[in-house]
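Read-outs throughout are calculated quantities, based only on the coordinates presented, and are distinct from any laboratory measurement. Everything quoted here is computed from the prediction, not taken from an experiment. Quick reminder, even Gly has a Cβ in these numbers, built from the backbone with ideal geometry, and neighbours come from all protein chains shown.
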Amino acid sequence: MAIERTLVLIKPDGMQRHLAGLSIDRLENTHLELIGVKIVSVTDKLAREHYALLEGKGPFVDKTLYERLINFIKGEYHGDPKRRVLALVYQGENAVQGIRKAVGATNPEDASPDSIRGAFGRICRKHGYYENVAHASGNVEEAEREIAIWFKPEEILK
Ligand code: CDP
Ligand code: MG
């Protein structure tokens, strides 16, 4: 198995509900190596770069849903003028899949109860989005692309 790197974000719903610590506890249980951590104020540019590949795809063919996704990661629905997201990079064998498993399925109702999203996620019926607490890169290519967006090379340990 190859050594991989992967990105995790504790999203604004997770930050608002003070779930960063509990989420990291579960990430640490993978026994992967934590090589980068940073608190980030999410700009519109950063949000759009992060989600660029989802624009016009799947449910996001609906422009309103895509804009909601952008606003969500900018903390606009969670009352955070600082737009805080906690970004982490994990490294190790099969890191992408290992972290995805710890984070769980996209829809909190489908996510394993042992996962971050299964344990802490919820569906916001009022606004029609998932409050699924954390982002995890979907594959190695996505991971490297996303890490480069959120971190400068010197901010990550080798
Ligand atoms: O985050 P993940 O890779 O599991 O799912 P995605 O398909 O890449 O979608 C990105 C994000 O869009 C999800 O994590 C949710 O925050 C949001 N989403 C949503 O709110 N409602 C959906 N029906 C699909 C995605
Ligand atoms: Mg994804």
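Observations on the model:
- Count - residues of the stretch 116-158 that are surrounded by 13 or more Cβ atoms within 10 Å (Cβ to Cβ), closer than 24 Å to Leu34 by Cα and within 15 Å of ligand 2 (Cβ to nearest atom): 20
- Residue within the stretch 70-89 that is away from ligand 1 (no atom under 12 Å from the Cβ), of a type in the set (Lys, Arg) and assigned to a helix (DSSP H, G or I) present: no
- Of everything in the stretch 16-67 that is within 15 Å of ligand 1 (Cβ to nearest atom) and among the polar types (S, T, N, Q), the residue that is farthest from Glu131 (Cα to Cα) is Thr64.
- One residue stands out among those in the stretch 130-148 that are of a type outside the set (Asp, Glu) and within 12 Å of Val89 (Cα to Cα): the one that is farthest from the chain's Cα centre (by Cα), which is Ala148.
- Answer residue from the stretch 14-33, given it is touching a strand residue (DSSP E or B) at 6+ places or on another chain (Cβ under 6 Å) and not in a helix (DSSP H, G or I) and is surrounded by the most Cβ atoms within 10 Å (Cβ to Cβ) among those: Leu32
- Single residue of the stretch 90-114 satisfying the filter (in contact with a Leu (Cβ under 8 Å, 6 or more places away or on another chain) and under 22 Å from Lys152 (Cβ atoms)) that is nearest to ligand 1 (Cβ to nearest atom): Ile99
- Residues in the stretch 40-50 that are farther than 15 Å from Thr6 by Cβ and either buried (at least 16 other Cβ atoms within 10 Å of the Cβ) or in contact with a helix residue (DSSP H, G or I) (Cβ under 9 Å, 6 or more places away or on another chain) (or both): 7 in all.
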